[in-house]
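The values are calculated or read from the model by the stated rules, or taken from the named source; none is laboratory data. The model shown is predicted, which means the values in this text are computed figures rather than measured ones. Here the Cβ positions follow ideal geometry from the backbone for every residue, glycine too, while neighbour counts run over all protein chains shown. Just so you know, the surface numbers come from the protein's heavy atoms only, side chains and all, with ligands and any DNA or RNA stripped out. Shrake-Rupley method; radii C 1.70, N 1.55, O 1.52, S 1.80 Å.
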Amino acid sequence: VIGSDGFGYEFVNGRHEKVPQIGIVVLGDDVEIGANACIDRARFGKTRIGAGSKIDNMVQIAHNVEIGEHCIVVSQTGIAGGSKRGNYVTVAAQAGINGHLSIADRVTIAGRTGVPKTIEEPGGVYWGTPAKPFKDELRLWKALGALHETTRTVKSLRKEVDELKGG
């Protein structure tokens, strides 16, 4: 679906009232859009998909999003309203990107990553929720894997200290 109403509401007198979405969608040359993808028209202005970008199946692109040229957005990804992608950005499957933020050129967002804030450094790879540089997130996962053994060691040492104190 290209050009559907964006999800825009204001809370007025105890009710959610629809805000008209009167903008448009602009698709660059050689853009491909997969099955069951939704690209909302802008509230005002334009939702834009840059030339050469490829959108996989089951992707949600909200109102006023700008996707640069030659970007890849993989299935089950959601991009909230008003956010901007640079050029050559890859967003892997099941990623979620908050609204009103920017992602620099040539950034890769790994699968299932949650992006809550702007990524200003071009060319990085990000993973996790919240998104962190890939190497930092990998270190956290490795430490988590060693946590069980570390806990066992601490318990054993605590027992030895208690025995030394008591006798």
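How much accessible area per residue does the chain have, counting only protein heavy atoms and a probe of 1.4 Å, in square angstrom?
Heavy-atom SASA per residue in the chain reads 60 Å².
Would you work out which of F134, I119, T108 lies farthest towards the positive end of the dipole of the chain? Charges go on Cβ: Lys and Arg +1, Asp and Glu -1.
F134
What is the helix-to-structure angle for 134-166, meaning the angle in degrees between its Cα long axis and the longest Cα principal axis of the chain, kept from 0 to 90 and rounded to the nearest 10?
20 degrees
Quote to one decimal, in nm, the extra length available between N13 and K46 on full extension: 0.36 nm per residue of separation minus the C-alpha distance between them.
Full extension of this stretch gives 8.9 nm more.
Using a probe of 1.4 angstrom, how much of the accessible area of the stretch 117-165 is carbon and sulfur, in percent?
Summing carbon and sulfur atoms, their accessible area is 62 percent of the total for the stretch 117-165.
Roughly what % of Cα-Cα distances in the chain sit above 28 Å, to the whole percent?
Value for the chain (Cα pairs over 28 Å): 36 percent.
What area, in nm² and to one decimal, does the C-alpha convex hull of the stretch 14-105 cast on average over all directions?
5.9 nm²
Under a Cβ-only charge scheme (Lys and Arg +1, Asp and Glu -1), can you give me the dipole magnitude of the chain about the Cα centre, in debye to the nearest 20?
In debye, rounded to 20, the chain gives about 540.
Mind counting lysine pairs for me in the chain? Cα separation below 29 Å, and the two need to be 8 or more apart along the chain or on different chains.
Qualifying lysine pairs in the chain: 20.
Can you tell me, using C-alpha contacts under 8 Å and at least 6 residues apart, the relative contact order of the chain as a whole percent?
Once divided by the residue count of the chain, the mean separation gives 12 percent.
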